[in-house]
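Heads up: the structure comes next, in structure tokens.
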Amino acid sequence: AQTVTQSQPEMSVQEAETVTLSCTYDTSESDYYLFWYKQPPSRQMILVIRQEAYKQQNATENRFSVNFQKAAKSFSLKISDSQLGDAAMYFCAYPRRKLIWGLGTSLAVNP
Amino acid sequence: GAGVSQSPRYKVAKRGQDVALRCDPISGHVSLFWYQQALGQGPEFLTYFQNEAQLDKSGLPSDRFFAERPEGSVSTLKIQRTQQEDSAVYLCASSLVAGTLAYGYTFGSGTRLTVV
């Protein structure tokens, strides 16, 4: 069965600094996608970035990038130049039609 | 509409009361999901529709939970005889194409249900 693990319940970062959120997963599939979602206090899940497993290149979306290590089944999210608006819960998710979620990491951004 | 709309945004129910939560997905979206998110937890899958067909209801926690999408657009999640453990945020998500996992899903802002 597929599982997703986020081992950091809480993280904090200074504004303008860089932070990395960890995620590991387990699957027997060879071709799949991985997502990072952001959930601010408004509760709406917002897709931050996605990675296609068959692509060697790490996905990048502006200040957000991933470090995808397929063999190690690791999918970490790096946020560069952190902003106050980045404060939120971040969830790693593995789609198998329904999404399989990690428990989330609460990110605080300190001014 | 432009996004996934859920109503009500907040609902307080007395234990034993029936509630109905509504999800209005993006127009034309084929797939629709319901998730339950307890406080401080990740979402847990409840059920999945492809158009009007409920293809997976394996996550519904008990027979008190019932979901429908009769015309393949708006969906309603109904909880009968609510109990305190039903208190959670209920998230709805929709996707344009059935069977594709590539683009994620668009989520609504959820309904926070509190059972007192």
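The values are calculated or read from the model by the stated rules, or taken from the named source; none is laboratory data. Bear in mind the structure is a predicted one, so any value in this text is a computation, not a measurement. Note: ideal-geometry Cβ built from the backbone for every residue, glycine included; neighbour counts use all protein chains shown. Just so you know, the surface numbers come from the protein's heavy atoms only, side chains and all, with ligands and any DNA or RNA stripped out. Shrake-Rupley method; radii C 1.70, N 1.55, O 1.52, S 1.80 Å.
Solvent-accessible surface (1.4 Å probe) assigned to A:Phe75 amounts to roughly 0 Å².
With a Förster radius of 25 Å applied to the C-beta separation of B:Val12 and B:Lys57, the computed FRET efficiency comes to 0.45. Counting, for every residue in B:105-111, the Cβ atoms of other protein chains within 10 Å of its Cβ and taking the mean gives 5. Judged by the mean number of other Cβ atoms found within 10 Å, the most tightly packed of the peptides B:33-40, A:25-32, B:88-95 leads the ranking B:88-95, B:33-40, A:25-32. Treating r as the C-beta distance of A:Ser7 and B:Leu96 and R0 as 30 Å, the FRET efficiency rounds to 0.35.
Modelled spin-label separation between A:Ala16 and B:Ala20, with each label point placed 7 Å from Cα along the Cα-to-Cβ direction: 5.5 nm. For the stretch B:5-104, a/c is not less than 1.5, where a ≥ b ≥ c are the root eigenvalues of the C-alpha gyration tensor, and a/b tops b/c. That puts it in the prolate class.
Couplings 3J(HN,Hα) for the stretch A:20-28, derived from phi with the Karplus relation 6.51 cos²θ - 1.76 cosθ + 1.60 (θ = phi - 60°), are 10, 9, 9, 8, 10, 8, 10, 7, 9 Hz, where x marks Gly and Pro. Could you tell me which of rounded, prolate or oblate describes the protein assembly as shown, using a ≥ b ≥ c as the square roots of the eigenvalues of the alpha-carbon gyration tensor, with rounded for a/c under 1.5 and, failing that, prolate when a/b is larger than b/c and oblate otherwise? It is prolate, given that a/c is not under 1.5 and a/b is the larger ratio. The Cα atoms of the stretch A:47-100 cover 32, 25, 17 Å along the three principal axes, with the biggest extent listed first.
In a reduced charge model with +1 at each Lys and Arg Cβ and -1 at each Asp and Glu Cβ, chain B shows a dipole moment near 400 debye about its Cα centre. Each Lys and Arg adds +1 at its Cβ and each Asp and Glu adds -1 at its Cβ; summed about the Cα centre, the protein assembly as shown shows a dipole of about 400 debye. In the stretch A:3-110, inverting the average of 1/r over every pair of distinct C-alpha atoms gives 13.8 Å as the Kirkwood radius.
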